[in-house]
1. Just report the Cα centroid separation between the range 618-691 and the range 415-483, whole Å.
2. Return the sequence-ordered ³J(HN,Hα) values of the range 440-454 in whole Hz as given by the Karplus equation 6.51 cos²θ - 1.76 cosθ + 1.60 applied to θ = phi - 60°, using x for Gly and Pro.
3. Compactness ratio of the range 581-690: Cα Rg over 2.2 N^0.38 Å, N = residue count?
4. Given the range 152-573, what percent of its DSSP beta bridges are antiparallel, to the nearest 5?
5. Which semi-axes, in whole Å and largest first, does the equivalent ellipsoid of the range 384-518 have when worked out from the alpha carbon gyration tensor as the square roots of 5 times its eigenvalues?
6. In whole Å, what is the distance between the alpha-carbon centres of the range 289-313 and the range 317-337?
7. Rounded to the nearest 500, what is the chain's calculated 222 nm mean residue ellipticity when only DSSP H runs of at least 4 contribute -39500 (n - 2.57) each, over all residues?
8. Taking 0.36 nm per residue of sequence separation and subtracting the Cα-Cα distance, how much length would be gained by fully extending the chain between Glu600 and Leu216, in nm to one decimal?
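Here, each number is a calculation from the coordinates, and none is a lab measurement. As the structure is a prediction and not an experimental result, all values here were calculated from the model. Note: ideal-geometry Cβ built from the backbone for every residue, glycine included; neighbour counts use all protein chains shown.
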Amino acid sequence: MQYKIKPGFRYPFGANHDAEGTNFSIFSRNATGMELLLFENATSRAPFQIIELDPEVNRTFFQWHVYVERLPPGVAYNWRVEGPHDDVVYSGFRFDSQKALVDPSARAVSDLLYDRPRACGPGDNHDAAIRGIVVNNGYDWEDDQAPPYRPDAAVIYEMHVGGFTRHASADVRHPGTFAAIIEKIPYLKDLGVTHVELMPIMAFDEADVPPGATDLGLKNYWGYSTHSFYSPHPRYCVTPEQGTQQSEFRDMVKALHKAGIGVILDVVFNHTAEGNEGGPVINFKGVGNEFSYHLDPNDRSRYRDFTGCGNTVNANHPMIALFILRCLEYWVDEMHVDGFRFDLASAMARGEDGNPLYHAPVLWSIEFSDSLAHHFVIAEAWDAAGLYQVGGFPGYRWKEWNGRYRDVVRQFVRGDRGIVSELATRLTGSSDFYQAAGRLPINSINFVTSHDGFTLYDQVSYNEKHNQANGEGNRDGHSDNLSWNCGHEGETDDAAILRLRERQTKNLMAILLLSHGIPMILSGDEVLRTQRGNNNAYCQDNELSWFDWRLTEANAGMLRFVREMIAFRKRHTSLMRRRYLTGSTPEGARLPDIVWHGIELNQPPWEDPDAQLLAYTLGALEPQAEDLHIMLNMSEQSYDLPLPEIANRNWFRAIDTSQPSPVDIMLPQEQPFVGNQYTVQPRSVVVLESR
């Protein structure tokens, strides 16, 4: 069947279906010709209709557009773009009229036929390209209500959509999919997290791995290789070939919202799957390479790599900045997500010349967007070329992964001496980074582990990375993990070492959830998941990376501890302050908001180069609430620490990581009374409540 066409409209970008047909629009400033290839479905090898666009009729400024009458959802499509390719050293043009390109704004894509080597080389690849799929954008959201935007009360859970349910022990109908996440919502709700932060779910190139990993049959698992920013990743769907990506993702979001859990997307706008000059031509290279990427000014056939991934998106070019902003607003307005974490966000702060801009247009557009105003925008405030902006990322409401918090807490818990002064600053919201600029403790995303690096259990089990399984000779991944193996590298059956490791994981988790700022927990840390020392499991789509659900029983004590720590945090507003502590006594309060101590009351060890102990008292914000006395001892000796006196109130032990489960953390009605001092055991965290 040959469909009739009309000129169409320049906005919106992508394929947009309505009752009369489908409008297609794509941007390309320097293209001289454009063809739309229509396929019966995602697996059809040949197009049933090729529509050649007339630049006099089907082009308006940057946009090429055509309306195909009566074209239904389910049809697959590609573009072929003609334009200059000569003198690439000067121009940066990489047009290739033979290459089949996926629409950068496609709402659903299929990679069932995708052949990366053919996309990398010259020649026609219409039978082996990633395809866009026309979708019906309608969806019944019912009465969907996102959780209130309360960053001070947030507890974020970083997780991989596929890995969370691919293990056989997950016992779900469709492992590794958005649908399987719905089956696990009771677990997330019981754990107490307020938001899931999903590692990349925008469609990515699973074949984008180095040769060593390819030789081992490995693939890109993490997903930091996006090519289609509007489409959910096909592999996370049950029937992607039918174009159900939108509805399957929306079903998951709606179900999470019903459980009171928000959805944050980890997004990758710093680079794309197209890589460097040897990488594939998927979309942006073919429609606008000359403005989509940072190109070497001395040789525009080559790419500037500020990301360590081959290319860097030219995020502050007007066309690309608009694309990024519209894409984010789409995920909020039409897919109902609750925020974003931006991978290597500092690369997006670079101007078109590659130099950092404080007033980077794309970042401030995100800051001021009405659609994003009550949503999380979180920056990984560094890039791979040395630009480090933690504490100074452009904007005011941007939150930042606080890498310095991570490092100091790791150092303190492993036993480093003389860092308690900086530790105190990190525990109370990193005022040295944020306060002078008018920012708040909630600008700090506190974490001790993330997908990138050791898991929590490996942090206390390995001194060195063990990445041989990645096929790169253990050269990949960070070498300085600030870890301590507790006396033995890797697996052991030594009972004393195992007890110490469990205590150390509880220490790290307790400190995280006692800190001011927004805590982020890595999925699986609550059950002591291990990657056997691999700190860069980006290519390990197997049991090394997957969540093993048997651990919920094997390590039930740790799971209980984390669950109760989250609940403890939620019970105490003094741990979720939006403003910085001053050391003064608020009107109507019993105590100052904070008082610091050391081995003696009111004598913090700020200048002690050997200090491994810090204590402090947090005054309650409400008259009926409990004050907290927190004691952190990472030395090898125990201390009998005096406790502050509070009129008409006594101290009760809530948390002691040196105690076995279930008395390591106790509900108020179970807590034992303590007198005027408490013995804090070596390498332990103790928290007392007053009542």
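1. 26
2. Values, residue by residue: 10, x, 6, 6, 9, 8, 8, 7, 10, 9, 8, 4, 8, x, 5 Hz.
3. Relative to the 2.2 N^0.38 Å estimate, the range 581-690 comes out at 1.06.
4. Looking only at bridges with both residues in the range 152-573, the antiparallel portion is about 25 percent.
5. Over the Cα atoms of the range 384-518, the semi-axes work out to 29, 19, 11 Å.
6. For the range 289-313 versus the range 317-337, the Cα centre distance is 22 Å.
7. -6000 deg cm²/dmol, from helical runs alone.
8. Numbers: separation 384, 0.36 × 384 = 138.24 nm, distance 5.77 nm.
So the chain would gain 132.5 nm between Glu600 and Leu216.
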